[in-house]
Amino acid sequence: MTQDVRILNTGSLLELSRRLRAAGNENIRQSMHRRIRRAAEPLRTDLQASIRGLDIRPPGRSTRPGGPSPTTRPLRATIADAIRISVRTGASPGARVWVDKGRLPPDLRNMPKVLNDGRVRHPVFGNRRRWVTQWAQPPWWDTVVRRHTPRMEREVARVLDDVRRRLE
């Protein structure tokens, strides 16, 4: 699983960042920052919708619905809330969409990767003597990222062309 998505060095992002700094026009930099973030927001929204709607199936023979969760936090919503966007226009310019593990409880830090792989093995209601394997629709992260990458690259290139024109 790709832990994060980065759109870096598209066109001549580093060179453009230096020219922005030299020009000192804060309005252009803010506009570029806002437009790059706007280009990444549909990806984040789609990733959140994908994890919230992820089908996690019980083991093969079980047809009964599962019981109540032993924890008070919903797994899919917790992971969806941890998906973040950051945009930098300074030394290492670019956009990044990632799962912020710091916003996940310690016992769920690896869960986005596990769900993306499709196989979730866990103890039954915390009983370490009885384990079960559940299956998720893989890969929730990779599929969405592949679908959005060409659109984001085109959008960022368009933003950079506009900024380059304004600087000339």
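The values are calculated or read from the model by the stated rules, or taken from the named source; none is laboratory data. Predicted, not measured: the structure shown is a model, and the values here were computed from it. With ideal geometry, Cβ positions are generated from the backbone for all residues, glycine too; neighbour counts draw on all protein chains shown. Keep in mind that these areas ignore ligands, DNA and RNA; they rest on the heavy atoms of the full protein, side chains included. Shrake-Rupley method; radii C 1.70, N 1.55, O 1.52, S 1.80 Å.
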### Summary
Reported set for the stretch 43-60 where residues are open to solvent by less than 50 Å² (accessible area, probe 1.4 Å) and either among the β-branched types (V, I, T) or out of contact with any strand residue (DSSP E or B) (no Cβ under 8 Å at 6 or more places or on another chain) (or both) is D46, S50, I51, I56
### Query
If we keep just the residues of the stretch 76-112 that are within 16 Å of G53 (Cβ to Cβ) and open to solvent by 50 Å² or more (accessible area, probe 1.4 Å), which is modelled with the lowest pLDDT?
R76
### Task
Would you check if there is a residue in the stretch 7-25 being more than 13 Å from V156 (Cβ to Cβ), at pLDDT 90 or above, among the acidic types (D, E) and open to solvent by less than 70 Å² (accessible area, probe 1.4 Å)?
no
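Let's see how each residue does on (1) in contact (Cβ under 8 Å) with a residue 60 or more places away in the chain; (2) exposed (fewer than 12 other Cβ atoms within 10 Å of the Cβ):
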site: V114; (1), (2): no, no
site: G126; (1), (2): no, yes
site: W135; (1), (2): yes, no
site: E153; (1), (2): yes, no
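In this structure, is R146 within 23 Å of P42 (Cα to Cα) and either among the small types (G, A, S) or exposed (fewer than 14 other Cβ atoms within 10 Å of the Cβ) (or both)? Working first, answer last.
Values: within 23 Å of P42 (Cα to Cα): yes; either among the small types (G, A, S) or exposed (fewer than 14 other Cβ atoms within 10 Å of the Cβ) (or both): yes.
Yes: the conditions hold for R146.
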